[in-house]
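Here it is, the structure in full.
The values are calculated or read from the model by the stated rules, or taken from the named source; none is laboratory data. Bear in mind the structure is a predicted one, so any value in this text is a computation, not a measurement. All Cβ positions, glycine included, derive from the backbone under ideal geometry; neighbour counts span all protein chains shown. The area values use the complete protein model at the heavy-atom level, side chains included, leaving out ligands, DNA and RNA. Shrake-Rupley method; radii C 1.70, N 1.55, O 1.52, S 1.80 Å.
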Amino acid sequence: MPEPAPLILTLQMDEAAFATFDGLRRRHFPEALNHIPAHVTLFHHLPGEDVAGVTETVAALARTQSVPDVAVTGVRLTGRGVAYALESEALSGFRARVAAAFREHLNAQDRQGWRPHVTVQNKVAPETARALHAALAENFRPSHFRAPGMLLWRYLGGPWERIATIAFGDAA
């Protein structure tokens, strides 16, 4: 029997931030590869065989966390794409608590240092990425958004299936 597909945990952005980033992603991400909306990945591979356990563990930790403020600090060139760099001390602390709870289940990608970002372009020619980076960086102004919760997804080999929305404590 095949192993259940992994679970992905992403940050839920407020409506205005999501609309901005998802609009940029729809405009600049290769259409044939753009199976999912704009997102901030907290974890790429949580245990897919335990949806209820993962949901309850994340929800229990989220109940003790106030809605974090997230700073959009810059535009990052990723080589073959472009992402907006993010910073949030509260969110980084929360992610560390979730990582500790799932320590035995984390893959290498989720164990390494976390650099929060929203990818708006990927898998394009380097010169295409450089051109978009230059255009977005020219008009960039730091901003903030609120993150009312998280979204839990099941990875389906390209597209993702939303499993749950988990609110932070004071957003519930």
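Given the protein chains as shown and a 1.4 Å probe, how many square angstrom of Glu56 are accessible, to the nearest 10?
Here the residue's solvent-accessible area equals roughly 100 Å².
Moving on. What net charge is computed for the residues neighbouring Asn34, neighbours being all others with C-beta under 12 Å from the C-beta of Asn34, Lys and Arg scored +1, Asp and Glu -1?
+2
Shifting gears a bit: Give the accessible area for His35 in Å² (nearest 10); use a 1.4 Å probe, count only protein heavy atoms, and leave out ligands, DNA and RNA.
For His35, solvent-accessible area is about 100 Å².
Could you report the chain's accessible area per residue, 1.4 Å probe, as an integer in Å²? Each step should come with its number before you reach the end.
Working: 8980 Å² over 172 residues.
With all protein chains present, the chain gives 52 Å² per residue.
Sticking with this one: Report Ile163's accessible area, 1.4 Å probe, all protein chains in place, as a number in Å² to the nearest 10.
60 Å²
Report which label in (i) 1.05; (ii) 0.96; (iii) 1.10 holds the value of Rg/Rh (Cα atoms, Kirkwood Rh) derived from the coordinates of this structure.
Looking at Rg/Rh (Cα atoms, Kirkwood Rh) for this model, the match is (ii).
While we're looking at this one, here's another question. With all protein chains present and a 1.4 Å probe, how do Trp153, Trp160 order by accessible area, largest first?
On the way: Trp153 20, Trp160 45 Å².
Correct descending sequence by accessible area is Trp160, Trp153.
Moving on. If you take the charge dipole of the chain about its Cα centre, with +1 on Lys and Arg Cβ and -1 on Asp and Glu Cβ, which of Met150, Val124, Ala16 is farthest toward its positive end?
With unit charges placed on the Cβ atoms, the residue in question is Val124.
Just by accessible area at a 1.4 angstrom probe, what is the order of Val75, Val120 from largest to smallest?
On the way: Val75 25, Val120 0 Å².
Largest accessible area first, the residues go Val75, Val120.
About its Cα centre, what dipole magnitude does the range 1-134 give when the only charges are +1 on Lys and Arg Cβ and -1 on Asp and Glu Cβ, stated in debye to the nearest 20? Could you put the intermediate results ahead of the total?
Working: 13 positive and 14 negative charges, 99 e Å.
Here the range 1-134 has a charge dipole of around 480 debye.
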